[in-house]
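The values are calculated or read from the model by the stated rules, or taken from the named source; none is laboratory data. As the structure is a computational prediction, the values presented were derived from the model and not from experiment. All Cβ positions, glycine included, derive from the backbone under ideal geometry; neighbour counts span all protein chains shown.
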Amino acid sequence: MKIITLRVDEENQGDRIDQYVSDQISFLSRTLVVQFIKNGDIKVEGKSVKASHRLRSGEEVVVIIPDPVQVMIEPQDIPLQIIYEDQDLVVIDKPQGMVVHPAAGNWDGTLVNALMFHIQDLSGINGEIRPGIVHRLDKDTSGLLVVAKNDNSHRSLAEQIKNHTVTREYMALVHGHINENQGKVEAPVGRNPRDRKKMAVVSGGRAAITWYRVVQRMEGYTLVRCRLETGRTHQIRVHMAFIGHPVVGDPLYGPRKNAWNLDKQVLHAVHLAFEHPTTGQVLEFESPLPSYFDELGVRREA
């Protein structure tokens with residue numbers, strides 16, 4: 001069991017307790033925080049509260065993190081492209097179409113099922129059904145993903161992500177012609193109030209910043225390289241749609257029609273850099289564009 005004590009500052013005045021704790025303790029997902037609240041493992045000024053409780057400046061929040069429990073996930077012999085591995089972490093180049101962790105409708109065939117087969121020691125925070133997963137990629141987003149092999153690495157990597165010191169860059173083909181060579185999208189991202197399955201730029205959403213630069217202009221389309229300063233759910237997809245240039249093939253945020261009749265977003269995590277949790281060395285990885293980019297007329301040297 002681990003106990004973490006937090007003190008609410010003025011900046012977080014009015015935050016919901018579930019959002020506040022997941023923001024402050026980056027290795028805890030909001031879903032898990034809500035479960036902790038229901039179990040009475042999170043208290044404000046010594047009292048149990050609901051997930052919707054709004055905090056006041058100066059309040060003490062105590063979070064009790066129970067010891068991890070065994071997670072029953074079936075190891076599956078699914079091929080993995082392992083880019084790097086040591087005793088603390090592994091870097092995977094995930095293919096398009098692979099779900100990262102088991103959930104309703106996808107209990108097997110996921111990256112976690114494959115990891116459980118190929119790697120014997122993965123981190124897990126209180127038995128979440130995604131051991132080792134520090135950050136995620138959407139099912140149809142391909143590319144680089146780092147996985148922790150022990151809890152120390154998990155916490156270190158999660159803290160780096162929280163502090164925006166992990167570099168994550170993506171290649172995306174988007175609709176339309178972007179005139180400027182580079183730009184910045186700074187717009188808060190939260191649940192779409194009209195469709196809870198989607199995210200959107202909304203007032204009161206979580207701060208989100210995406211940097212982009214044009215790599216190649218094509219007739220009716222633009223290839224961009226995006227760098228995440230923050231890492232909100234669907235951030236690049238939401239931000240590019242917000243500025244009028246949705247990712248090609250995006251079934252949630254883009255138009256149904258495109259020149260290639262694609263129904264999966266053309267989005268690839270091409271670059272990943274972070275500080276090694278044990279050695280402190282900066283590790284950098286680059287993934288070449290996958291084969292599904294070939295038919296799009298994209299220059300391979302991009």
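Suppose the filter is outside the structural domain of Arg191 (by TED's automatic domain parsing) and in contact with a Gly (Cβ under 8 Å, 6 or more places away or on another chain); does Gln35 pass it? No, not satisfied. Being in contact with a Lys or Arg (Cβ under 9 Å, 6 or more places away or on another chain) and surrounded by 23 or more Cβ atoms within 10 Å (Cβ to Cβ): is that true of Leu144 here? Considered against the rule, which asks whether it is in contact with a Lys or Arg (Cβ under 9 Å, 6 or more places away or on another chain) and surrounded by 23 or more Cβ atoms within 10 Å (Cβ to Cβ), Leu144 comes out as yes. Against the test of being over 30 Å from His271 (Cβ atoms), touching a strand residue (DSSP E or B) at 6+ places or on another chain (Cβ under 7 Å) and of a type in the set (S, T, N, Q), the options Ser52, Ser48 yield a single qualifying residue, Ser52. All conditions but one from (1) surrounded by fewer than 18 Cβ atoms within 10 Å (Cβ to Cβ); (2) of a type in the set (A, V, I, L, M); (3) in contact (Cβ under 8 Å) with a residue 40 or more places away in the chain apply to Ile161; the one that does not is (1).
Checking each residue in region 226-254 for being buried (at least 22 other Cβ atoms within 10 Å of the Cβ), in contact (Cβ under 8 Å) with a residue 60 or more places away in the chain and part of a strand (DSSP E or B) picks out Leu228, Val247. Considering each of Met171, Met98 in turn, give the residue that is of a type in the set (A, V, I, L, M), out of contact with any strand residue (DSSP E or B) (no Cβ under 7 Å at 6 or more places or on another chain) and either at pLDDT 90 or above or in a strand (DSSP E or B) (or both). Of the residues listed, the single one that is of a type in the set (A, V, I, L, M), out of contact with any strand residue (DSSP E or B) (no Cβ under 7 Å at 6 or more places or on another chain) and either at pLDDT 90 or above or in a strand (DSSP E or B) (or both) is Met98.
Identify the residue in region 58-95 that is in contact with a strand residue (DSSP E or B) (Cβ under 9 Å, 6 or more places away or on another chain) and assigned to a loop (DSSP other than H, G, I, E, B) and, among all such residues, is farthest from Thr31 (Cα to Cα). The residue in question is Gln81.
Is one or more of the residues making up region 288-299 in contact (Cβ under 8 Å) with a residue 24 or more places away in the chain, among the charged types (D, E, K, R) and surrounded by fewer than 16 Cβ atoms within 10 Å (Cβ to Cβ)? Yes, region 288-299 contains a residue that is in contact (Cβ under 8 Å) with a residue 24 or more places away in the chain, among the charged types (D, E, K, R) and surrounded by fewer than 16 Cβ atoms within 10 Å (Cβ to Cβ).
Any chance region 24-43 includes a residue that's in a loop (DSSP other than H, G, I, E, B), more than 28 Å from Ile133 (Cα to Cα) and more than 25 Å from the chain's Cα centre (by Cα)? No, every residue in region 24-43 fails to be in a loop (DSSP other than H, G, I, E, B), more than 28 Å from Ile133 (Cα to Cα) and more than 25 Å from the chain's Cα centre (by Cα).
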